[in-house]
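Structure first, commentary second.
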Amino acid sequence: MTTAAVEPRAGERAPLGALSTDHKAVAIRLGWLCGAFFLAGGVLALLVRSELAVPGMQIVSHQGYDQLFTMHGSTMVYLVVQPLAVALGVYLVPLQIGAANLIAPRTALFAVWILAGGGALMYLGFLTHDGAGSAGWTAFLPLSSDRFVQGSGMDMWIVGVALANLAVIILAAVVLLTILLRRAPGMTMLRLSPFCWTQVVTCLMVVFAFPAVIAAMGLVYADRHFGAHVDPIWYLQLFWYYGHPAVYVMFFPFVGCVAEVIPALSRKRFFGYRPFVLSLMVFTTLSMSVWGHHLFTTGRSANEYFAATSTALAIVAGVEYFDLIATMWGGSLLLRTPLLFAVAFLLQFLIGGLTGVIVASPPLDYSLNDTYFVVAHFHYTLFAGSMFGLFAGVYFWFPKVTGVQLREGLGQIHFWLLVAGTNLTFMPMFVLGYDGMVRRVADYPSDAGFTGMNELATAGSGVIAASMLVFLANVAVSLRWRRAAGDDPWEGHSLEWATTSPPPPGNFDRLPPIRSSTPALDLRRAGPA
Amino acid sequence: MRRSWIWPAAWGALLALSSAGLWGYTALSSSGAESCRVSVCIGKPWLAPALLTASAAGAVLLGCAILLLREGRATGAAADSPAGPAVALTAVGAVVAAAGGAVGIWMTWVGIGVAAVGLAGILAARRRPR
């Protein structure tokens, strides 16, 4: 067997400390940071659901409720799912392309600290006189102007959001350039793993769409401090030019996770690699071209054009679903926790995707806009989609990152609780929205007929919280009483499975030959040298 | 020969195609400052296609830049850098400086000072022989 040597420099064996610039350390730090924000955002969600369980104000004031749902949405989007989507790339991309590190590791480290600072700033708003930001995660104008939201907490939110998005842009640029410029010999673009391809398109979207949200935050700031009287349509266009690609930024990397898990645990090669790559390119192009559907009800958008592009998304999404299902078809399925999460990702996201087709139709959107139907739709895409894909990846790569397996029994309990909790929480919201309950309200009339479904949704959020406690217990137990996983416990296909678990600084002592998109599988089939 | 520059450029071309469609739609239904069709008036009709066109141009330019850059070796890059603490300090300084926008200008000056110390640390780490 021929191998190419990788030459780590002398003195490179630095520990993976808090200030290390090794990409693995940077990604793990980012993961912990996002995990902490996820817990904070989850507590806020529980408070929101508790307030809505029954009519009347039980827990917080109306103003307090506005802060809760604003900070919940902002936390989950800006501080959890977006950075996690790129954090996966920070850890896995150098390993999967055979690089020793990111192309600009210090810049990546800088971004992590910027993200931490931005998030801290948003939360410090709770300590100010008027409280934290309270204009929703979208901060539409004129609602977010100083006529309606006073105090420095909102300003801290604006600066924090700008910083958090700047951090994600920097990380995405670093990951993208690493893929384009630092691949190992033999690793052509069409030999990249499916996960790396999802990172390519994700990072392209981040780099070319996310600056719009920083500009949008600048407009809100200018409106509040310089009396700019910004036209709300300007703001809406800029915000959603970022906001809709952001939805896909919070989707594609998790498709990538699932596209790694399914072939490995189906014991088959990935079906339809090239159509998958092509569909990613077209899918992301369309993803950049649909933002106007958020403006349907303003009567100020090119509705026909954006309805057509939004509906066309179903075609390219279908190609990806077909590839993933065909990969499982006839395979020897190993129904362990990562595969359970991957299959659930496909099913749960389908609900979010299909209801997306409904709200992509202007006449239907006129009726459903700003109702709980939309809340249910985007939670099925962002929570039921992203989180299930993320957990598929976490269970799959935990042995690679730590060298130990997560407990299978606890993993299955986590999985089934999360499935139950997710559907119990978000499915009733479709009914609530259809019946006319509007979003972003702290209370509703007791005779509106909303109480039963709200009670169900609140109970479901408790089940989700319980599932997360099981996951945390699993991590704690697995790290405390370690069971060695070996270097390649899943018989994975991509390059990271050809190195030790956890990988050494520099990632590889020797690189295997790269002749396809599945070098680790090729190496295993070639047998010992 | 490596051709990774093709992919961002191709993506930019696809975006350009989409933006051309949006320009076309807007031009066909536009009359002056506002584009009115059926019951919908598109405010600032040039804004949406201009945003998409800017992204398309950016992606094509990125492809060109990659073409001009020489792709480096995957190996040999240091896995860790002694500049980590200085980088973190610079970032903290930048955050504090930005927070001045919400808290007060004095904080911006403090942040700039902290970031300057961090930058000096990065420069010192770069000059230190490894």
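Conditions (1) surrounded by fewer than 23 Cβ atoms within 10 Å (Cβ to Cβ); (2) in contact with a Lys or Arg (Cβ under 8 Å, 6 or more places away or on another chain); (3) of a type in the set (Gly, Ala, Ser), marked per residue:
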| residue | (1), (2), (3) |
| --- | --- |
| A:ASN369 | yes, no, no |
| A:VAL375 | yes, yes, no |
| A:TYR380 | no, no, no |
| A:ALA384 | no, no, yes |
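If you take the residues of segment A:96-110 that are more than 8 Å from chain B (Cβ to nearest Cβ) and buried (at least 24 other Cβ atoms within 10 Å of the Cβ), which of them is farthest from A:PRO512 (Cα to Cα)? Only one residue tops the list, namely A:ALA108. Counting just the residues of segment A:342-355 that are touching a Ser or Thr at 6+ places or on another chain (Cβ under 7 Å) and crowded, with 23+ Cβ neighbours inside 10 Å, which one comes out farthest from A:THR297 (Cα to Cα)? Applying the filter and picking the extreme gives A:GLN348. When segment A:127-152 is filtered for residues that are within 29 Å of the chain's Cα centre (by Cα), over 14 Å from A:HIS225 (Cα atoms) and not β-branched (Val, Ile, Thr), the ones remaining, listed by number, are A:LEU127, A:GLY131, A:ALA132, A:GLY133, A:SER134, A:ALA135, A:GLY136, A:TRP137, A:ALA139, A:PHE140, A:LEU143. Here's a check for you: in segment A:187-246, which residue that is part of a loop (DSSP other than H, G, I, E, B) and polar (S, T, N, Q) is nearest to the other protein chains (Cβ to nearest Cβ)? Of everything passing the filter in segment A:187-246, A:THR188 is nearest to the other protein chains (Cβ to nearest Cβ).
Here A:ALA164 passes the criteria (1) free of Cβ contacts under 8 Å to residues at least 60 places away in the same chain; (2) more than 10 Å from chain B (Cβ to nearest Cβ); (3) buried (at least 24 other Cβ atoms within 10 Å of the Cβ) except the one numbered (1). Among residues of segment B:90-122 being within 9 Å of chain A (Cβ to nearest Cβ) and of a type outside the set (Gly, Ala, Ser), the one that is farthest from A:HIS129 (Cα to Cα) is B:ILE122.
Every condition in (1) more than 12 Å from chain B (Cβ to nearest Cβ); (2) in contact (Cβ under 8 Å) with a residue 40 or more places away in the chain; (3) in contact with a helix residue (DSSP H, G or I) (Cβ under 7 Å, 6 or more places away or on another chain); (4) not aliphatic (A, V, I, L, M) is met by A:PHE322 except one, and the failing one is (3).
Would a scan of segment A:414-425 turn up a residue that is more than 23 Å from A:TYR78 (Cβ to Cβ), out of contact with any helix residue (DSSP H, G or I) (no Cβ under 6 Å at 6 or more places or on another chain) and either of a type in the set (S, T, N, Q) or without any contact (Cβ under 8 Å) to a residue 60 or more places away in the chain (or both)? Yes - at least one qualifying residue is present in segment A:414-425.
Of all the listed residues (A:LEU163, A:LEU141), the sole one being more than 20 Å from A:TYR65 (Cβ to Cβ), in contact with a Leu (Cβ under 8 Å, 6 or more places away or on another chain) and outside any helix (DSSP H, G or I) is A:LEU141.
Read-outs: derived from the displayed coordinates by stated rules, not from any lab. Quick caveat, the model's predicted, so the values are computed rather than measured. Virtual Cβ from ideal backbone geometry, glycine too; neighbours counted across all protein chains shown.
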